[in-house]
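Participant: Just passing along the structure, written as structure tokens.
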Amino acid sequence: MPIQNLEPAKKEEVTPYNPYYSQNKRNWLPLALSLYREGRLEGQRPIEAGKPVPFVATWTISSLPLEPTSCRIQFDGNAELSYELSSKNEDFMGYLIEVVRNYQKEGIVDFPQEFYSQLFNMPIT
């Protein structure tokens with residue numbers, strides 16, 4: 001489902017995640033959780049002085065914030081440009097909160113820099 005068509009998750013689904021996020025991030029949590037339940041995201045990574053690179057991300061879906069989530073992302077439809085990331089569900093949900101927030105504010109479907117730093121095991125600059 002495209003990100004613009006997401007329906008907010010129900011309160012009982014959101015409640016277990018509330019303690020992990022500040023009030024500001026909780027505002028985006030129902031939509032982020034709905035996106036998480038989709039298990040897939042298509043977007044574009046902006047490249048400085050270049051065309052954006054399309055990507056498809058897929059992930060495992062778990063039901064609790066502390067369970068592990070494994071995310072696989074493939075850039076430009078090229079299997080050689082596939083990467084995987086494992087993290088706690090609560091951390092991955094934080095990335096999806098930023099995806100939803102950035103989409104609603106800027107119209108861009110992309111993960112935050114922190115996601116890519118962890119994906120590529122690079123420090124944030």
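Participant: Taking the Cβ of Trp28 as the center, what net charge do the other residues with Cβ under 12 Å away carry, scoring Lys and Arg +1 and Asp and Glu -1?
Facilitator: Net charge around Trp28: +3.
Participant: Give me the distance between the Cα centres of region 74-125 and region 16-35, rounded to whole Å.
Facilitator: 17
Participant: Could you give the length gained on full extension between Asn121 and Gln23, defined as 0.36 nm per residue of separation minus the Cα-Cα distance, in nm?
Facilitator: 32.4 nm
Participant: Taking 7 Å along the Cα-to-C-beta vector as the label spot, tell me the Glu7-Leu81 distance in nanometres, rounded to one decimal.
Facilitator: 3.5
Participant: Right, another one. Once you list every other residue whose beta carbon is under 10 Å from the beta carbon of Phe111, what net charge do they have if Lys and Arg are +1 and Asp and Glu are -1?
Facilitator: Spelling it out: positives minus negatives among the neighbours equals -2.
Participant: Can you tell me, using C-alpha contacts under 8 Å and at least 6 residues apart, the relative contact order of region 55-123 as a whole percent?
Facilitator: After rounding, I find 23 percent.
Participant: Lys pairs in the chain, Cα-Cα under 23 Å, at least 8 apart or on separate chains: how many? Before the final figure, lay out the partial values.
Facilitator: On the way: Lys10/Lys25; Lys10/Lys88; Lys10/Lys105; Lys11/Lys25; Lys11/Lys88; Lys25/Lys88; Lys25/Lys105; Lys51/Lys105.
Counting lysine pairs in the chain gives 8.
Participant: Please sort by residue number the GluC sites (Glu not before Pro) in region 23-123 whose DSSP state is loop and whose Cβ has at most 10 other Cβ atoms within 10 Å.
Facilitator: On the way: sites: Glu38, Glu42, Glu48, Glu80, Glu84, Glu90, Glu98, Glu106, Glu114; in loops: Glu48.
Within region 23-123, the qualifying GluC sites (Glu not before Pro) (loop, at most 10 other Cβ atoms within 10 Å) are Glu48.
Participant: Under the Karplus relation 6.51 cos²θ - 1.76 cosθ + 1.60, θ = phi - 60°, what is the ordered set of whole-Hz ³J(HN,Hα) values for region 55-62, x standing for Gly and Pro?
Facilitator: Along region 55-62, the couplings run 9, 10, 10, 10, 8, 6, 10, 10 Hz.
Participant: Per DSSP helix of 4 or more residues, -39500 (n - 2.57); summed, then divided by the residues of the chain. What does that give at 222 nm, rounded to the nearest 500?
Facilitator: Using -39500 (n - 2.57) per qualifying helix, the result is -9500 deg cm²/dmol.
Participant: A further question on this structure: Given the alpha-carbon gyration tensor of the chain, what are the semi-axes of its equivalent ellipsoid in whole angstrom, ordered largest first, with each equal to the square root of 5 times an eigenvalue?
Facilitator: 23, 16, 14
Participant: For the Cα atoms of the chain, what angle does the longest principal axis make with the long axis of helix 29-38, in degrees from 0 to 90, nearest 10?
Facilitator: It is inclined by approximately 60 degrees.
Participant: For Cα pairs less than 8 Å apart in space and 6+ apart in sequence, what is the mean separation divided by the residue count of region 8-119, i.e. the relative contact order in percent?
Facilitator: Contact order relative to length: 23 percent.
FYI, it's all coordinate maths here, none of it is from the lab. Quick caveat, the model's predicted, so the values are computed rather than measured. Cβ atoms come from the backbone with ideal geometry, glycine included; neighbour counts cover every protein chain shown.
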